[in-house]
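Here is the structure we will look at, set down as structure tokens.
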Amino acid sequence: MLKDKAAVITGSTSGIGLAIARAFAKEGAHLMINGLGDAAEIEKTRAGIEAEFGVKVLYSGANLMNGPEVTKLIADAAEAFGAVDVLVNNAGIQHVDPIDVFPDDKWEAIIRLNLVASFYAIKAALPGMKHKGWGRIINTASAHAFVASPFKSAYVSAKHGIAGLTKTVALEVAQQNITCNSICPGYVWTPLVEAQIPDTMKARNLTKEQVIHDVLLAAQPTKQFVTVDQVAALAVFLCSDAASQITGANLPMDGGWTAE
Ligand code: NAD
């Protein structure tokens with residue numbers, strides 16, 4: 001379905017971004033993957049996707065905290081592939097602290113990566129999409145685009161911001177065959193989430209099952225994690241013709257969290 005299309009997926013060396021990259025490759029898209037991490041591991045991932053799906057996969061180590069690096073990431077992909085047809089703004093980080101002691105640098109970094117980088121990427125990608133008369137922009141937001149949780153002021157602010165950016169961009173390009181939507185997952189089972197379990201077990205003196213059920217999934221009525229493959233399948237659908245009238249939507253995938 002994405003044959004001969006080129007996609008840039010930020011933060012795609014791990015977790016949700018990597019699953020989206022693999023799902024797009026399966027549909028025939030050429031990819032620019034991006035993210036931080038061990039160079040050898042990343043190269044293994046890049047070459048692995050290329051070999052498994054027979055598409056071209058490039059990697060950029062752009063640090064998206066830095067606006068000009070975001071702009072260059074899009075320019076490099078456009079130069080390599082001739083266009084950026086699909087942009088997924090997915091890179092994100094988290095920090096949890098009460099607001100009165102929230103470190104200034106962490107607050108600004110979360111806003112910069114989770115929100116400001118998306119602005120720069122969309123700004124850089126839109127002219128090419130307009131020129132081709134087709135484009136798909138997908139932002140990975142969160143249930144925290146709709147609701148708040150204590151101690152996550154920066155993350156909740158950034159994700160509410162992404163929801164507004166998504167709607168605004170959608171309106172600006174509504175008549176140019178370009179859609180802009182966000183996917184708003186609840187808790188997704190990723191290495192990031194799994195890694196929090198041992199510390200939480202220790203801090204609260206709980207078993208692994210209690211941490212999963214009573215802490216992580218406390219807000220998720222289905223009591224199940226979203227999977228990265230489910231998020232990726234929605235991203236693929238949003239690129240389809242069937243989804244061409246879905247734009248400006250912030251789509252929950254949260255096991256019912258935000259229905260409460
Ligand atoms: P992850 O940590 O597995 O992946 C994050 C990616 O971002 C990695 O590839 C990492 O290298 C990259 N990254 C981090 N800092 C970067 C920087 N400065 N420049 C470029 N890349 C950078 O996390 P994930 O759980 O897959 O999260 C992906 C997105 O999904 C985030 O926006 C997150 O807020 C959102 N999300 C996650 C969950 C969840 O439960 N895991 C729920 C809702 C939303």
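The values are calculated or read from the model by the stated rules, or taken from the named source; none is laboratory data. Quick caveat, the model's predicted, so the values are computed rather than measured. Every residue, glycine among them, receives a Cβ derived from its backbone with ideal geometry; neighbour counts consider all protein chains shown. In case anyone asks, the SASA skips ligands and DNA or RNA and just uses the protein heavy atoms, side chains included. Shrake-Rupley method; radii C 1.70, N 1.55, O 1.52, S 1.80 Å.
Being open to solvent by 30 Å² or more (accessible area, probe 1.4 Å), assigned to a helix (DSSP H, G or I) and not hydroxyl-bearing (Ser, Thr, Tyr): is that true of Phe119 here? Yes: the conditions hold for Phe119. Screening His95 on (1) modelled with pLDDT of 95 or more; (2) surrounded by 15 or more Cβ atoms within 10 Å (Cβ to Cβ) shows it passes everything except condition (1). Does Val96 qualify as being within 14 Å of the ligand (Cβ to nearest atom), assigned to a strand (DSSP E or B) and either farther than 24 Å from Ala125 by Cα or out of contact with any Ser or Thr (no Cβ under 8 Å at 6 or more places or on another chain) (or both)? Answer is no for this residue. Select from region 161-207 the residues that are in contact with a strand residue (DSSP E or B) (Cβ under 8 Å, 6 or more places away or on another chain), among the small types (Gly, Ala, Ser) and not in a helix (DSSP H, G or I) and list them in ascending order. If the condition is that a residue be in contact with a strand residue (DSSP E or B) (Cβ under 8 Å, 6 or more places away or on another chain), among the small types (Gly, Ala, Ser) and not in a helix (DSSP H, G or I), then Ser182, Gly186 are the ones that fit. Scanning region 48-59 for residues that are touching a helix residue (DSSP H, G or I) at 6+ places or on another chain (Cβ under 9 Å) and more than 16 Å from the ligand (Cβ to nearest atom) yields Glu50, Glu52, Phe53, Gly54, Val55, Lys56.
Could you check, for region 68-89, whether at least one of its residues is in contact with a Phe, Trp or Tyr (Cβ under 6 Å, 6 or more places away or on another chain) and over 19 Å from Leu192 (Cβ atoms)? Yes, that holds for at least one residue. Just for region 99-116: of the residues that are among the hydrophobic types (A, V, I, L, M, F, W, C) and away from the ligand (no atom under 13 Å from the Cβ), which one is least open to solvent (accessible area, probe 1.4 Å)? The extreme case among them is Phe102. Restricting the first member to region 213-240 and to residues that are under 17 Å from Ile9 (Cα atoms) and free of Cβ contacts under 8 Å to residues at least 60 places away in the same chain, and the second to residues that are of a type outside the set (Ser, Thr, Tyr) and open to solvent by 30 Å² or more (accessible area, probe 1.4 Å), the beta-carbon pairs closer than 8 Å and six or more apart or on different chains are Gln230/Met253; Leu234/Leu251; Leu234/Met253. Within region 167-195, residues that are in contact (Cβ under 8 Å) with a residue 24 or more places away in the chain reach partners that are part of a loop (DSSP other than H, G, I, E, B) and crowded, with 23+ Cβ neighbours inside 10 Å with beta carbons closer than 7 Å, at six or more positions or on different chains, in the pairs Ser182/Ala141; Ile183/Ala141; Cys184/Ala141; Cys184/Ser142; Cys184/Asp254; Pro185/Ser142; Pro185/Asp254; Gly186/Asp254.
Every condition in (1) small (Gly, Ala, Ser); (2) open to solvent by less than 60 Å² (accessible area, probe 1.4 Å); (3) over 30 Å from His131 (Cβ atoms) holds for Ala243 except the one numbered (3).
When residues in region 18-47 are screened for being over 17 Å from the mean Cα position of the chain (by Cα), within 15 Å of the ligand (Cβ to nearest atom) and either of a type outside the set (Lys, Arg) or at positive phi (or both), 7 of them pass. Listed by first and then second residue, the pairs with beta-carbon distance under 6 Å, at least 6 apart or on different chains, first residue in region 85-103 and under 16 Å from Val169 (Cα atoms), second assigned to a strand (DSSP E or B), are Asp85/Ala6; Val86/Ala7; Val86/Arg136; Leu87/Val8; Leu87/Ile137; Val88/Ile9; Val88/Ile138; Asn89/Asn139. Scanning region 127-185 for residues that are hydroxyl-bearing (Ser, Thr, Tyr) and either farther than 30 Å from Lys106 by Cα or more than 16 Å from the ligand (Cβ to nearest atom) (or both) yields a count of 2. Of all residues in region 67-84, those that are buried (at least 24 other Cβ atoms within 10 Å of the Cβ) and either in a loop (DSSP other than H, G, I, E, B) or small (Gly, Ala, Ser) (or both) total 2. Applying a threshold of 6 Å to beta carbon distances and a minimum spacing of six or more residues, or different chains, the list of pairs starting in region 2-17 at a residue that is more than 9 Å from the ligand (Cβ to nearest atom) and ending at one that is open to solvent by 30 Å² or more (accessible area, probe 1.4 Å) and in a loop (DSSP other than H, G, I, E, B) reads Leu2/Glu27.
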